Amino acid sequence: QAEHIYRIKRTLVASLLGILAGILSFYLGGAKDATGLQADGFLGFMLMLACVVLQKHIFILMKIDISRLGAKDWFYQGFMTFAFWFVTWTILLTALI
């Protein structure tokens, strides 16, 4: 059960950082044009990558042993952050006028 809680914490960190990156990407990306694109979309992508890197430091603060995480675990963490970032940013770009 402790291993299950450990994995839930890791997934929660990735999910929350992805949502945060999506919100920041929307508000810092500039105004939308007629096609729904922002002028500085690359900044949003860089914010998402920064959140992926930030996870390692958050895990250290949470006293999660990062030496136990392999390449597959880091790929999972990065993909979860990317997925939540992409969905959040897309919803904000299409839902808000």
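The values are calculated or read from the model by the stated rules, or taken from the named source; none is laboratory data. In this text, all values refer to a predicted model and were calculated from it rather than measured experimentally. Cβ: placed from backbone, ideal geometry, glycine included. Neighbour counts: every protein chain shown. Note: areas computed on protein heavy atoms with side chains; ligands, DNA, RNA excluded. Shrake-Rupley method; radii C 1.70, N 1.55, O 1.52, S 1.80 Å.
Are any of the residues in the stretch 77-89 out of contact with any Phe, Trp or Tyr (no Cβ under 7 Å at 6 or more places or on another chain) and at positive phi? Outline the logic, then answer.
Narrowing the stretch 77-89 to residues out of contact with any Phe, Trp or Tyr (no Cβ under 7 Å at 6 or more places or on another chain): 77-88.
When the remaining residues are screened for being at positive phi, the result is none.
Checked against the condition, which is being out of contact with any Phe, Trp or Tyr (no Cβ under 7 Å at 6 or more places or on another chain) and at positive phi, the stretch 77-89 yields no hits at all.
So which of 29, 22 ends up being in contact with a strand residue (DSSP E or B) (Cβ under 6 Å, 6 or more places away or on another chain), at negative phi and either small (Gly, Ala, Ser) or open to solvent by 90 Å² or more (accessible area, probe 1.4 Å) (or both)?
Working: 22 fails: in contact with a strand residue (DSSP E or B) (Cβ under 6 Å, 6 or more places away or on another chain).
Exactly one of 29, 22 is in contact with a strand residue (DSSP E or B) (Cβ under 6 Å, 6 or more places away or on another chain), at negative phi and either small (Gly, Ala, Ser) or open to solvent by 90 Å² or more (accessible area, probe 1.4 Å) (or both), namely 29.
Residues checked against (1) among the charged types (D, E, K, R); (2) under 10 Å from the mean Cα position of the chain (by Cα); (3) part of a helix (DSSP H, G or I); (4) within 13 Å of residue 87 (Cβ to Cβ):
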position	(1), (2), (3), (4)
3	yes, no, yes, no
7	yes, no, yes, no
10	yes, no, yes, no
13	no, yes, yes, no
18	no, yes, yes, yes
24	no, no, yes, no
27	no, no, yes, no
35	no, no, no, no
42	no, no, yes, no
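Can you name every residue in the stretch 10-19 that is open to solvent by 40 Å² or more (accessible area, probe 1.4 Å) and in contact with a Phe, Trp or Tyr (Cβ under 9 Å, 6 or more places away or on another chain)? Lay out the reasoning, then the answer.
Going residue by residue through the stretch 10-19, those that are open to solvent by 40 Å² or more (accessible area, probe 1.4 Å) are 12, 16, 19.
Result: 16, 19.
Identify the residue in the stretch 42-97 that is among the polar types (S, T, N, Q) and exposed (fewer than 15 other Cβ atoms within 10 Å of the Cβ) and, among all such residues, is nearest to residue 2 (Cα to Cα).
The qualifying residue nearest to residue 2 (Cα to Cα) is 67.
What number of residues within the stretch 1-42 are modelled with pLDDT under 90 and touching a Leu at 6+ places or on another chain (Cβ under 9 Å)?
Going through the stretch 1-42 one residue at a time, the tally reaches 10.
Would you confirm, using the coordinates I've provided, whether residue 64 is within 18 Å of residue 94 (Cβ to Cβ) and not charged (D, E, K, R)?
Taking the combined requirement at face value, the residue does not satisfy it.
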